[in-house]
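Participant: Mind having a look at this structure? Questions to follow.
The values are calculated or read from the model by the stated rules, or taken from the named source; none is laboratory data. For clarity, every value in this text was computed on a predicted model and none was experimentally measured. Cβ coordinates were reconstructed from backbone atoms using ideal geometry, including for glycine residues, and neighbour counts include every protein chain displayed. Just the protein is used for accessible areas: all its heavy atoms, side chains included, with ligands, DNA and RNA removed. Shrake-Rupley method; radii C 1.70, N 1.55, O 1.52, S 1.80 Å.
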Amino acid sequence: MVTGNTEPLSLLSVSGILPRGGTILGTSRTNPLKSEENKKKLLSNLKKQKIDYLIAVGGEDTLGVARYLVSEGVKVVGIPKTIDNDVDGTDQTFGFDTAVSIVTEAIDRLHTTAESHQRVMVVEVMGRHTGWIATVGGLAGGADCILIPERPMTIQEICEILKKRHARGRLFSIVVVAEGFNLAGADQLVTKDQKLDQFGHVHLGGIGEVVASEIERHTGLETRVTVLGHVQRGGSPTAFDRVLGTRYGVEAVDLIHNGKFGAMVCLRGSRITHTSMGKAMRKLKFVDSELIRTAEIFYG
Ligand code: F6P
């Protein structure tokens, strides 16, 4: 929402940005709703900059700010963009496919070294409070166990899967763990520190280490951890994300032409359409049980 780019907005062009990740506007995760003063500044800046319409591109935080602006009479439409894929009201957010392809490649690479050294490799991935990246990346990479917030598991259950696999002569394993996963019975999420971000979110991270040391302790299998971190959020987007972002952009401009402010573009099956931002933001979109079941078939 806050632009750090000094170039006049009218000079910025979308030409040539298809292969680029990141932002050309200089936007970042800033919460302009934190104080009454900032809210006023935000509204007056929009007026000063003569911004007639706004397309808010982001996840729950950005779209939350967009909803506030709609309530203040600003003409806004939303585009769901986050690697987490947790925005309800759309089948897919853009950025997700790129993150999944990075996770898949990492798992492929870890397979080779896991096999040579006969180790358990624990891969910690992002996704905040949902397990989309872990589930889809894990399925694509052929993970032997996927740990997600939607499905808490005990360490005994996890180790049982790995021990059975070992007994079948498979002497290495890949375990994908979402940063928001918690061992069944644990009362607190594992976080990097006590700090909260601009929107009041905890800094998730560290569950990979916890799971790995528990696996080693319970099974005696040599275990290593890889935390993929922000690598999942960088680089050039996949072809799918480029096309999805382009289609979302076209639909967003159409929504503006048609005066449908407060709407969010979305993907339903293979069709691009729209929904209301309010509806889309009511709850997080969690991994559905059908997809979890599919992943579980391949555990062990
Ligand atoms: O929402 C996207 C996301 O990458 C999450 O998956 C992750 O928990 C968080 O952002 C990390 O935030 P930051 O870049 O502030 O560390």
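Participant: Please compute the modelled spin-label separation between Ser44 and Asp288, points set 7 Å along Cα→Cβ, answer in nm with one decimal.
Facilitator: With each label placed 7 Å out from Cα toward Cβ, I get 4.8 nm.
Participant: Another one. Probe 1.4 Å, all protein chains in place: accessible area of Arg67 in Å², nearest 10?
Facilitator: Looks like 110 Å² after rounding.
Participant: Turning to a different aspect of this structure: Helix 36-48 versus the longest principal axis of the chain: what angle, 0 to 90°, nearest 10, using Cα atoms?
Facilitator: Between helix and principal axis, roughly 60 degrees.
Participant: Connecting C-alpha atoms closer than 10 Å in a GNM of the chain, tell me which of Gly208, Gly26, Gly278 has the biggest fluctuation.
Facilitator: Most flexible of the set in this elastic network: Gly26.
Participant: Hey, another quick one. Considering amide H positions built from the backbone, and no H for Pro or chain starts, which residues 5 or more places from His274, or on another chain, come under 5 Å of its amide H?
Facilitator: Distant-sequence amide H within range of His274: Cys266.
Participant: Another question about this same structure. What is the distance in Å between the Cα centroid of the stretch 183-225 and that of the stretch 255-283?
Facilitator: So the separation of the two Cα centres works out to 36 Å.
Participant: If you don't mind, there's one more thing I want to ask. Would you mind checking which residues have amide H under 5 Å from Glu150's amide H? H placed 1.01 Å from N; only 5 or more apart, or other chain.
Facilitator: Gly131
Participant: Quick one: net charge of Arg128's neighbours, Cβ under 15 Å, K/R +1, D/E -1? Numbers along the way, then the final one.
Facilitator: Numbers: positive: Arg29, Lys81, Lys192, Arg233, Lys283, Lys285; negative: Glu60, Asp61, Asp84, Asp86, Asp88, Glu124, Glu150, Glu179, Asp197.
That works out to -3.
Participant: A further question follows. Which of the residue pairs Lys48/Lys75; Lys40/Lys75; Lys195/Lys283; Lys50/Lys75 have a Cα-Cα distance greater than 19 Å in the structure shown?
Facilitator: Details: Lys48/Lys75 15 Å; Lys40/Lys75 16 Å; Lys195/Lys283 24 Å; Lys50/Lys75 12 Å.
From Lys48/Lys75; Lys40/Lys75; Lys195/Lys283; Lys50/Lys75, over 19 Å: Lys195/Lys283.
Participant: Which value, in Å² rounded to 10, gives the accessible area of Thr191 with a 1.4 Å probe and all protein chains present?
Facilitator: 50 Å²
Participant: Taking one equal scatterer on every alpha-carbon of the stretch 144-300, how large is log10 of I(q)/I(0) by Debye at q = 0.16, 0.17 1/Å?
Facilitator: -1.08, -1.15
Participant: Quick one: 3J(HN,Hα) in Hz for the stretch 21-32, Karplus 6.51/-1.76/1.60 with θ = phi - 60°, rounded, Gly and Pro as x.
Facilitator: Calculated HN-Hα couplings, in order: x, x, 10, 9, 8, x, 6, 8, 6, 10, 9, x Hz.
Participant: Could you sort His274, His201, His117 by their accessible area in this structure, using a 1.4 Å probe and putting the largest first? Don't jump to the answer; show the numbers that get you there.
Facilitator: Numbers: His274 65, His201 30, His117 100 Å².
Final ranking, largest accessible area leading: His117, His274, His201.
Participant: Another question, if that's okay. Could you work out the helix-only [θ] at 222 nm for the chain, with each DSSP H run of four or more residues adding -39,500 (n - 2.57) and the total divided by the number of residues, to the nearest 500 deg cm²/dmol? Walk me through the numbers before you get to the answer.
Facilitator: Details: 9 runs with 115 residues, N = 300.
Theoretical 222 nm ellipticity from helices: -12000 deg cm²/dmol.
Participant: For Leu54, what accessible area in Å² do you get when you roll a 1.4 Å probe over the heavy atoms of the protein chains, rounding to the nearest 10?
Facilitator: Counting only protein heavy atoms, Leu54 exposes about 30 Å² to solvent.
Participant: Let me ask something else about it. Enumerate the calculated ³J(HN,Hα) couplings along the stretch 270-278 in order (Karplus 6.51 cos²θ - 1.76 cosθ + 1.60, θ = phi - 60°), each rounded to whole Hz, writing x wherever the residue is Gly or Pro.
Facilitator: These are the phi-based 3J(HN,Hα) values: 9, 9, 8, 8, 8, 9, 8, 4, x Hz.
Participant: Hey, another quick one. Using a 1.4 Å probe on the protein heavy atoms, what percent of the accessible area of the chain belongs to carbon and sulfur? Working shown, then result.
Facilitator: Values: 7980 of 15360 Å².
It is 52 percent, rounded to a whole number.
Participant: What whole-number volume per residue, in cubic angstrom, does the convex hull of the C-alpha atoms of the chain give? All intermediate terms of the calculation are to be shown ahead of the outcome.
Facilitator: Numbers: hull volume 41.9 nm³, N = 300.
Expressed per residue, the convex hull around the Cα atoms of the chain is 140 Å³.
Participant: Local charge sum around Ala252 (other residues, Cβ-Cβ under 13 Å, Lys/Arg +1, Asp/Glu -1)?
Facilitator: On the way: positive: Lys75, Lys81, Arg247, Lys260; negative: Glu251, Asp254.
For residues surrounding Ala252, the net value is +2.
Participant: Taking H placed 1.01 Å from N in the peptide plane, check which residues at least 5 places from Val123 or on another chain put their amide H under 5 Å from its amide H.
Facilitator: Val175, Val176, Val177, Thr226
Participant: May I pose another question? For the stretch 195-277, take the convex hull of the Cα atoms, compute a quarter of its surface area, and give me that in nm², please. Write down the numbers at each step before the final one.
Facilitator: Values: hull surface 38.5 nm².
Averaging across all directions leaves 9.6 nm² for the Cα convex hull.
Participant: With r defined as the distance between the Cβ atoms of Leu18 and His230 and R0 fixed at 30 Å, what FRET efficiency is calculated, to the nearest 0.05? Working shown, then result.
Facilitator: Working: r = 22 Å, r/R0 = 0.73.
FRET efficiency, Leu18 to His230: 0.85.
Participant: Still on this structure: Starting from the Cα of Lys34, draw a straight line to each of the aspartates and glutamates and keep only those under 20 Å, dropping any in the same chain fewer than 8 residues away.
Facilitator: By straight Cα distance, Lys34 reaches Glu60, Asp61, Glu72, Asp197.
Participant: Summing +1 for each Lys or Arg and -1 for each Asp or Glu, what net charge is found among the other residues whose Cβ lies under 12 Å from the Cβ of Phe240? Don't skip to the end; give the middle numbers.
Facilitator: Details: positive: Arg242, Arg247; negative: Asp97, Asp241.
In short, 0.
Participant: When a/c reaches 1.5 or more, the comparison of a/b and b/c decides; with that in mind, is the stretch 96-200 rounded, prolate or oblate per its Cα gyration tensor?
Facilitator: The shape class here is oblate.
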